[in-house]
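To start, the structure itself, in structure tokens.
Derivation of every value follows stated rules applied to the coordinates shown; laboratory data play no part. Predicted model only: the values in this text are computed from it and were never measured. Here the Cβ positions follow ideal geometry from the backbone for every residue, glycine too, while neighbour counts run over all protein chains shown.
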Amino acid sequence: MVVNPTAQHGNCGAAAACVEEALRSQLGDALDVHVTTAAGDATSVARQACGTYASVVVLGGDGTLHEVANGIMQEPFDVRPAVGLIPLGSGNDYARTLGMPLSLDDALAKIFDTHEQLFDIGLCNGEYFAETLSFGLDAAVALGTIELRERKGKSSDLLYVQSGLDQLLHHLDTYHTEAYLDGHTPFRRPVLMMAVQIGKTYGGGFKVCPDAKPDDGYFDLCYADAPMSVPKATMLFLLARNARHVGSKQVHFERVKKLNLTFNERPPVQMDGEAHTADCFDIQILHKKFKVLRA
């Protein structure tokens, strides 16, 4: 088990002992626990687990899972352990994709009732992502939410809304993009945001791509035209919570396996909730190469 003690503002560290006790009651000495101490630590531990362990269970959130995935994916497929998740993060979007309950007690009970399955995983500029990669407004909202959570010392879905309204009112920027989708003739257009999804949600449950499936071999791509008025953008942002943005004439969806993106200026970028910076983006999906424990 890989534990991020700082996840969910320290709640993960506080819960680690009782989680370990519950798992050890079933697994005994077969359970090893590693508590991370710095950024990147989970990546190193996960890579070392390859070929030795059948599974790696993450106690934390999307960021910790992101690190674990990047460690495991460096090793050959045959030696990769399956990744499970007991969600104690702030957004917990990958837990939703795995079908894991967000309640700690329910997740502890469910982790023993999971089965191994092969999911897709994304690769962008040499870095893997399990759930989401986004650009522009939605990335700025996600990164702003992280800042709010750290500053306020608490987790709440309302913080995502607060961050979103702040971005909508003060940073409704347009990004001119050139996109090659599956190698076809590129389209060039101004966008407000663009999300590349494996799972349905980001931002703690916003259903940006409600038809996404984590094992179909395709990204679900959602992008919104720019410019857009503040009232219109605010309405679409709030509607996206429950996938009611689908059908808007200014919101578009595609299904792709590979895309190359460039922007006229560097946009905010998040990958599984972690900031990412680059001038251009080479993105591809790896079909059923990520072993997971699905509820």
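Computed over the Cα atoms, what is the radius of gyration of the range 2-120 divided by 2.2 N^0.38 Å, N being its residue count?
Values: Rg = 13.0 Å, N = 119, 2.2 N^0.38 = 13.5 Å.
Taking N as the residue count of the range 2-120, the ratio is 0.96.
Who wins for biggest fluctuation among Gly217, Gly51, Gly199 in a Gaussian network model of the chain, springs between alpha carbons below 10 Å?
With Cα springs under 10 Å in the chain, the top fluctuation among Gly217, Gly51, Gly199 is at Gly51.
Say the cut-off is 28 Å between C-alpha atoms; which of Lys110/Lys258; Lys232/Lys289; Lys232/Lys257; Lys249/Lys289; Lys200/Lys289; Lys207/Lys232 go over it? Show your work: numbers first, answer last.
Numbers: Lys110/Lys258 34 Å; Lys232/Lys289 39 Å; Lys232/Lys257 30 Å; Lys249/Lys289 35 Å; Lys200/Lys289 19 Å; Lys207/Lys232 18 Å.
In this structure, Lys110/Lys258; Lys232/Lys289; Lys232/Lys257; Lys249/Lys289 lie more than 28 Å apart at Cα.
Nearest 0.05, what FRET efficiency do Asn260 and Asp215 give at R0 = 25 Å with Cβ-Cβ as r? Don't skip to the end; give the middle numbers.
Numbers: r = 24 Å, r/R0 = 0.95.
For R0 = 25 Å, the calculated efficiency reads 0.55.
Determine the sum of side-chain charges near Leu259: Lys and Arg each +1, Asp and Glu each -1, restricted to other residues whose C-beta is under 13 angstrom from that of Leu259.
On the way: positive: Arg255, Lys257, Lys258; negative: Glu178, Asp182, Asp220, Glu254, Asp282.
Net charge around Leu259: -2.
At Ala14 and Asp282, where each label point lies 7 Å from the Cα along Cα→Cβ, what is the point-to-point distance in nanometres?
Spacing of the two 7 Å Cα→Cβ label points: 4.6 nm.
Quick check on the exposure proxy: order Arg151, Arg294, Arg189 from fewest to most C-beta atoms within 10 angstrom. Each step should come with its number before you reach the end.
Working: Arg151 9, Arg294 18, Arg189 14.
Least crowded to most crowded, the residues run Arg151, Arg189, Arg294.
Once you put a point 7 Å from the Cα of Ala243 and another 7 Å from the Cα of Ala109, both along the Cβ direction, what distance in nm separates them?
Inter-label distance under the simple model: 2.6 nm.
In whole Å, what is the distance between the alpha-carbon centres of the range 64-78 and the range 126-204?
Comparing the Cα centres of the range 64-78 and the range 126-204, I get a distance of 24 Å.
What number does the range 132-288 give for Rg over Rh if you use C-alpha atoms and the Kirkwood radius?
Details: Rg = 14.7 Å, Rh = 15.6 Å.
On the Cα set of the range 132-288, Rg over Rh gives 0.94.
Normalise the Cα radius of gyration of the chain by 2.2 N^0.38 Å (N = residues in it) and let me know the number. Write out the running numbers ahead of the final one.
Numbers: Rg = 18.7 Å, N = 295, 2.2 N^0.38 = 19.1 Å.
With N residues counted in the chain, Rg over 2.2 N^0.38 Å equals 0.98.
For n ≥ 4 DSSP H runs only, could you compute -39500 (n - 2.57) per run for the chain, divide by its residues and tell me the 222 nm figure to the nearest 500? Each step should come with its number before you reach the end.
Numbers: 8 runs with 90 residues, N = 295.
So the calculated ellipticity at 222 nm is -9500 deg cm²/dmol.
For a quick check: sort Ile146, Ile121 by the number of other beta carbons within 10 angstrom, fewest at the front.
Details: Ile146 19, Ile121 23.
Result, fewest neighbours first: Ile146, Ile121.
Mind sorting Tyr94, Tyr53 by how few other Cβ atoms lie within 10 Å of their own Cβ, fewest first?
Fewest-to-most ranking of Tyr94, Tyr53: Tyr53, Tyr94.
Provide the gained length on full extension for the span Asp166 to Gln48, in nm with one decimal, where the gain is 0.36 nm per separating residue minus the Cα-Cα distance. All intermediate terms of the calculation are to be shown ahead of the outcome.
Details: separation 118, 0.36 × 118 = 42.48 nm, distance 4.18 nm.
So the extension gain works out to 38.3 nm.
Test of understanding: in a Gaussian network model of the chain with alpha carbons linked when under 10 Å, which of Thr114, Thr277, Thr64 would top the mean-square fluctuation ranking?
Of the options given, Thr277 has the highest mean-square fluctuation.
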